[in-house]
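Have a look at the structure below, then the notes.
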4 protein chains.
Amino acid sequence: MIISSAQFEKFNANPLYHTIGMQVISAEDGRAVSQLRPPDNVCWPFPGQPHGGILFTQMDSTMAWAVLSAPGEGTNCTTVNLEIQYPAPARGPVFTCETRVVHRTGRSCFVRGESRDEEGGLVAMGQATFRIIRAEAML
Amino acid sequence: MIISSAQFEKFNANPLYHTIGMQVISAEDGRAVSQLRPPDNVCWPFPGQPHGGILFTQMDSTMAWAVLSAPGEGTNCTTVNLEIQYPAPARGPVFTCETRVVHRTGRSCFVRGESRDEEGGLVAMGQATFRIIRAEAML
Amino acid sequence: MIISSAQFEKFNANPLYHTIGMQVISAEDGRAVSQLRPPDNVCWPFPGQPHGGILFTQMDSTMAWAVLSAPGEGTNCTTVNLEIQYPAPARGPVFTCETRVVHRTGRSCFVRGESRDEEGGLVAMGQATFRIIRAEAML
Amino acid sequence: MIISSAQFEKFNANPLYHTIGMQVISAEDGRAVSQLRPPDNVCWPFPGQPHGGILFTQMDSTMAWAVLSAPGEGTNCTTVNLEIQYPAPARGPVFTCETRVVHRTGRSCFVRGESRDEEGGLVAMGQATFRIIRAEAML
């Protein structure tokens with residue numbers, strides 16, 4: 001799937017990304033990158049630190065873009081399982097998440113990702129299985 | 001930690017829970033239960049279905065309450081890792097998450113949880129390690 | 001699948017179980033139990049303690065029996081992913097692993113298990129997804 | 001830790017590696033590689049395919065070498081949790097596992113690894129947390 005700038009603007013305009021402060025920056029050839037600038041309401045219980053679930057949401061979504069960036073248009077995907085580890089507290093105004101498809105087999109996609117703070121410190125790393133579904137199956 | 005109704009009201013009033021539509025119902029003796037009534041803005045990309053990251057956030061938070069419900073007051077905890085599986089699409093207005101501490105050893109806590117829809121269908125199951133930290137260490 | 005004592009003897013006679021010292025004790029209605037009496041050659045690097053991979057092998061195999069104990073005869077299964085946690089060092093001559101199917105959906109099976117030492121201490125806990133396959137697909 | 005050829009020979013001579021047919025090839029600067037040539041007795045239930053638990057044992061052990069290859073001599077480590085995914089059936093006579101430390105923080109080490117068959121096909125991928133322990137604590 002080739003994603004144009006106009007399409008990114010459209011995708012990034014969804015209410016979930018707005019709520020958590022996330023934007024997809026690139027998605028191509030099985031790789032995707034996003035940035036998170038979490039608003040105060042999702043930085044709880046530690047002020048200035050996005051909740052682990054918000055970092056998870058960013059990673060899960062960014063992984064899905066890595067999956068979708070590879071196959072033909074008209075497909076979607078769903079998370080089967082995701083294991084996330086938090087090596088360090090997540091401090092700072094912005095977090096970059098990089099994800100990539102490691103392996104693809106039939107309808108399954110194996111994906112990995114890392115989220116880093118502004119200094120490059122690792123704050124989350126994940127490993128997941130996605131199932132590829134047809135767009136019609138979404139409805 | 002014994003948690004009174006007044007304390008629950010206070011805890012549940014935080015901005016994160018408000019954003020995702022979550023409320024803790026009970027937390028006692030290493031077990032905690034919460035309910036999620038996700039607002040539309042976190043039900044994306046599938047209308048009426050909370051994003052997997054929102055279900056994760058509910059489970060992670062509810063697990064933390066299971067951890068905190070056991071030891072003495074004045075402690076907090078942080079997620080080291082959490083593996084979540086999504087057996088089925090999450091449809092419906094309300095999701096109940098039940099979590100429990102399976103094992104505790106020194107500063108580590110091993111926790112499990114399940115989230116179910118209104119008909120009792122399993123929509124997420126998780127397994128996690130938490131690290132117990134002192135309240136002062138939060139600051 | 002109903003499994004007779006004679007069948008258990010046959011299943012337990014396989015070379016892998018012999019190598020690691022494992023025997024399946026029961027498998028019925030989506031639940032299975034096994035015992036591990038690890039020989040010295042798999043207790044490394046810590047004498048008297050089975051390697052974590054041996055505990056994993058016991059759990060993975062016992063989970064497979066839980067999966068197979070439920071559907072009709074003539075099926076097999078394969079592990080898609082398994083997350084294992086080790087709450088404590090595994091000491092002692094025998095370890096009992098109990099597993100159960102938590103959810104089944106189409107060709108996927110979600111399973112959990114725990115392994116305990118002789119005193120009932122938790123030494124491993126796991127969570128997995130299995131894919132159900134037809135026996136013919138094995139060949 | 002710098003590991004000489006003579007030391008490798010010694011390490012590889014342990015009974016567990018002999019049982020599963022594993023040899024560590026290199027371990028340096030937080031990276032380790034091993035090869036598995038599984039004997040028939042661990043290739044069950046599918047002839048010619050090592051059991052998933054044997055691939056796990058190889059990965060877990062190789063990750064431990066990645067962990068140990070970095071810090072000062074006299075330390076050891078223990079697996080806290082490991083999530084393994086099996087993208088494809090493991091066929092063939094030899095499997096190469098590559099592992100690396102992704103992040104290190106205090107006493108914890110976050111590690112990843114992949115196992116591939118002779119043609120380079122991915123048969124297992126893992127993500128783990130290790131705890132670093134002092135050698136004395138082993139005894």
Which residue out of B:V102, B:V111, B:V80, B:V67 is touching a helix residue (DSSP H, G or I) at 6+ places or on another chain (Cβ under 8 Å) and β-branched (V, I, T)?
B:V111
Report the residue count in the range C:23-53 for those that are touching a Leu at 6+ places or on another chain (Cβ under 7 Å) and free of Cβ contacts under 8 Å to residues at least 40 places away in the same chain.
4
Looking at the range B:52-80 only, could you name the residues that are charged (D, E, K, R) and at the interface with chain A (Cβ under 9 Å from one of its Cβ atoms)?
B:D60
Restrict the check to the range D:4-15 and report whether at least one residue is crowded, with 22+ Cβ neighbours inside 10 Å and either aromatic (F, W, Y) or touching a helix residue (DSSP H, G or I) at 6+ places or on another chain (Cβ under 8 Å) (or both).
no
Could you please find all residues in the range C:81-101 being surrounded by fewer than 19 Cβ atoms within 10 Å (Cβ to Cβ), at the interface with another protein chain (Cβ under 8 Å from one of its Cβ atoms) and aliphatic (A, V, I, L, M)?
C:A88
So which residues in the range C:17-51 are among the hydrophobic types (A, V, I, L, M, F, W, C), touching a helix residue (DSSP H, G or I) at 6+ places or on another chain (Cβ under 6 Å) and at pLDDT 95 or above, if there are any at all?
C:I20, C:M22, C:V24, C:A32, C:L36, C:V42
Can you pull out every residue in the range C:20-51 that is within 12 Å of another protein chain (Cβ to nearest Cβ) and surrounded by fewer than 22 Cβ atoms within 10 Å (Cβ to Cβ)?
C:G21, C:P39, C:D40, C:N41, C:C43, C:W44, C:P45, C:F46, C:P47, C:G48, C:Q49
Those residues of the range A:83-135 which are among the basic types (K, R) and under 29 Å from B:P87 (Cα atoms), in sequence order
A:R100, A:R104, A:R107, A:R112, A:R131, A:R134
Which number in (1) in contact (Cβ under 8 Å) with a residue 24 or more places away in the chain; (2) in contact with a strand residue (DSSP E or B) (Cβ under 6 Å, 6 or more places away or on another chain) marks the one condition that C:E119 misses?
(2)
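The values are calculated or read from the model by the stated rules, or taken from the named source; none is laboratory data. Everything numeric in this text was worked out from a predicted model, so none of it was measured. Note: ideal-geometry Cβ built from the backbone for every residue, glycine included; neighbour counts use all protein chains shown.
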